[in-house]
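Working notes, beginning with the structure itself.
The values are calculated or read from the model by the stated rules, or taken from the named source; none is laboratory data. This one's a predicted model, so the numbers in the text were calculated from it and none came from an experiment. Methodologically, a virtual Cβ is constructed for each residue, glycine included, from the backbone with ideal geometry; neighbour enumeration extends over all protein chains shown. Surface areas here come from the heavy atoms of the whole protein model, side chains and all, with no ligands, DNA or RNA. Shrake-Rupley method; radii C 1.70, N 1.55, O 1.52, S 1.80 Å.
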Amino acid sequence: MELKQLKSKSADELKSHLVDLHKEQFSLRMQKATGQLAKTHDARRVRREIARVNTLLGAKK
């Protein structure tokens, strides 16, 4: 998701998006551990988006 879209969300929406990202990150970690992860760049993308959401949540306080 782009930064403009994230900035337009409320704090509650960002928190729910963060939960979804953590679930996706867990799923990608499990796929990597079992050798089923085809797109290794997805793990990096999710990790960076989690950082973006955390930064925006800190700025909204």
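Of the residues making up the range 35-52, just one is open to solvent by 90 Å² or more (accessible area, probe 1.4 Å) and among the β-branched types (V, I, T), namely T40.
Just the residues that are among the polar types (S, T, N, Q) and more than 17 Å from L21 (Cα to Cα), please, taken from the range 34-48.
So the first thing to find is which residues in the range 34-48 are among the polar types (S, T, N, Q), and the list is 34, 36, 40.
Selection gives T34, Q36.
Tell me, which residue of the range 23-61 that is of a type in the set (S, T, Y) and in a helix (DSSP H, G or I) is nearest to L3 (Cα to Cα)? Residue satisfying both the conditions and the ranking: T55.
Sub-8 Å Cβ pairs linking a first residue in the range 4-23 that is touching a residue at least 24 places away in the same chain (Cβ under 8 Å) and open to solvent by 40 Å² or more (accessible area, probe 1.4 Å) to a second residue that is assigned to a helix (DSSP H, G or I) and among the β-branched types (V, I, T), at least 6 apart or interchain, are H22/I50, ordered by first then second residue.
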